[in-house]
Ligand code: FDA
């Protein structure tokens, strides 16, 4: 049996941050990851440029059964702390939109930064390594048995194996399995920040709009996001749809304003009064991409001059522009989801340290916990903040 202070399962964003902090405190730390490369999600994030944090990160940007749980960690290790780390490594970055910070060059810069910091802190990283069993040790701490049969004792065991999204690059439900083994409750999980899909009939009809994108406000009950929306062959995507997917549930409707800047009825009515010979489609195409304007006009049976169109019909048409109601059938699921909603119930954990209340010495950080950020760098910030907090005490 070999001994270590800390074993961290998962060499992603949260696990590496925790490892750096614990290593800097002089703890002996081993990170175990079954993937052959560390931090694969950082690599593919932000279109290869990693949206590593958000200038405006605050608790309101997170979804959890306990909305207050993330407050402490986000306060103790802020976006500005992470930006300072990035700056120390001379990594160029820029704000794209809405406070979202991206690397100027490549997400590999963030991975290299974390690995360099791990190296400096004396952290050992074991890749391509699977775990066979985990047991609580009689003398306290945990015994981790690897697939090769070797046994490791650690005082602190940190579970940082993320959520279920993108199984192709190594996501598993192992973190939830460990939580259940030690009697911790799990908030049911579902794919989030994910494109929504239509039923086959709607798909056949709206599929012709694939490739069209608009600036939209997408609402679900009281939650609304104004960002891009993209029609796809299977349904809807784009940032506004990914955001609302974290709130939408099966059989529910979302409302889409396809032109938030303009009141469509007012514009249609004015056009009707001023130049009645114009085609309805021509007027609508001043508010929407041409193909979308043509589709909506035809669907309403209004392929005619606007002067020959009653106000009631124009009002209905305008409704589909400013308040289009659509009920998606489902989502693309974990195959393409950016995150997993739900996870280890925060009531089971200390918000200061991320330690389990039931199983001393067992910690959960990052996406495996029931804290899910909006799109825009918030999920990485949660990984950094929760990993940092655990790293101060493990
Ligand atoms: P993460 O998933 O990063 O790491 C978990 C690690 O555990 C992995 O290395 C995995 O191999 C390992 N593991 C899993 N099961 C294991 C097992 N059984 N044994 C051993 N190891 C195991 N967020 C953001 O803020 N900005 C962005 O730009 C993006 N972009 C983005 C794009 C795409 C395509 C996706 C899928 C996701 C994003 N995200 C994002 C979300 C972000 O990537 C995510 O929230 C964090 O990576 C979560 O960090 P964790 O360290 O918790 O898990």
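The values are calculated or read from the model by the stated rules, or taken from the named source; none is laboratory data. Note that the structure is a prediction, hence the values are computed from the model and not measured. Because the Cβ atoms are built from the backbone with ideal geometry, glycine has one as well, and the counts that use them run over all protein chains shown.
The condition of being surrounded by fewer than 14 Cβ atoms within 10 Å (Cβ to Cβ) and in contact with a strand residue (DSSP E or B) (Cβ under 9 Å, 6 or more places away or on another chain) holds for residue 104. Flag not set for residue 192, criterion: surrounded by 23 or more Cβ atoms within 10 Å (Cβ to Cβ), touching a strand residue (DSSP E or B) at 6+ places or on another chain (Cβ under 6 Å) and under 16 Å from residue 349 (Cβ atoms). Please tell me if residue 310 is away from the ligand (no atom under 16 Å from the Cβ) and touching a strand residue (DSSP E or B) at 6+ places or on another chain (Cβ under 6 Å). The answer is no for residue 310. Only one of the numbered conditions (1) farther than 27 Å from residue 155 by Cβ; (2) within 15 Å of the ligand (Cβ to nearest atom); (3) assigned to a helix (DSSP H, G or I) is violated by residue 60, and that is (2). The set of residues in the stretch 147-183 being away from the ligand (no atom under 14 Å from the Cβ) and assigned to a strand (DSSP E or B) consists of 151, 153, 154, 155, 156.
Taken over the stretch 234-246, the criterion of being in contact (Cβ under 8 Å) with a residue 60 or more places away in the chain and part of a loop (DSSP other than H, G, I, E, B) is satisfied by 234, 246. Screening the candidates 98, 74 for the property of being outside any strand (DSSP E or B) and within 30 Å of residue 127 (Cα to Cα) yields one hit, 74. Reported count of residues in the stretch 195-233, each being surrounded by fewer than 21 Cβ atoms within 10 Å (Cβ to Cβ) and assigned to a loop (DSSP other than H, G, I, E, B), is 7.
Within the stretch 31-53, is there a residue that is within 13 Å of the ligand (Cβ to nearest atom), under 30 Å from residue 135 (Cβ atoms) and part of a strand (DSSP E or B)? I'd like the intermediate steps shown before the answer.
Applying the first criterion (within 13 Å of the ligand (Cβ to nearest atom)) to the stretch 31-53 yields 31-53.
Those still in the list that are under 30 Å from residue 135 (Cβ atoms) too: 31-41.
The next check asks that each one be part of a strand (DSSP E or B); those that pass are 31-32.
Checking the stretch 31-53: at least one residue is within 13 Å of the ligand (Cβ to nearest atom), under 30 Å from residue 135 (Cβ atoms) and part of a strand (DSSP E or B).
Look at (1) closer than 25 Å to residue 143 by Cα; (2) more than 10 Å from the ligand (Cβ to nearest atom) and you find that residue 368 fails only one, number (2).
Taking the criterion of being buried (at least 21 other Cβ atoms within 10 Å of the Cβ) and closer than 14 Å to residue 245 by Cα, the residues of the stretch 318-333 that qualify are 328, 331.
Taking the stretch 121-146, which residues are in contact with a strand residue (DSSP E or B) (Cβ under 6 Å, 6 or more places away or on another chain), assigned to a loop (DSSP other than H, G, I, E, B) and within 10 Å of the ligand (Cβ to nearest atom)? The one that is in contact with a strand residue (DSSP E or B) (Cβ under 6 Å, 6 or more places away or on another chain), assigned to a loop (DSSP other than H, G, I, E, B) and within 10 Å of the ligand (Cβ to nearest atom): 129. Of all the residues in the stretch 273-285, those that are within 14 Å of residue 303 (Cα to Cα) and assigned to a helix (DSSP H, G or I) number 5.
Out of all the residues in the stretch 349-365, is one or more within 13 Å of the ligand (Cβ to nearest atom), modelled with pLDDT of 95 or more and more than 13 Å from residue 18 (Cβ to Cβ)? Before the answer, list the steps.
First, pick out the residues of the stretch 349-365 that are within 13 Å of the ligand (Cβ to nearest atom): 354, 363-365.
From what is left, the residues that are modelled with pLDDT of 95 or more are 354, 363-365.
Those left that are additionally more than 13 Å from residue 18 (Cβ to Cβ): none.
No: zero hits.
Looking at the stretch 267-281 only, could you name the residues that are under 19 Å from residue 322 (Cβ atoms) and touching a helix residue (DSSP H, G or I) at 6+ places or on another chain (Cβ under 8 Å)? If the condition is that a residue be under 19 Å from residue 322 (Cβ atoms) and touching a helix residue (DSSP H, G or I) at 6+ places or on another chain (Cβ under 8 Å), then 267, 268, 269, 271, 272, 280, 281 are the ones that fit.
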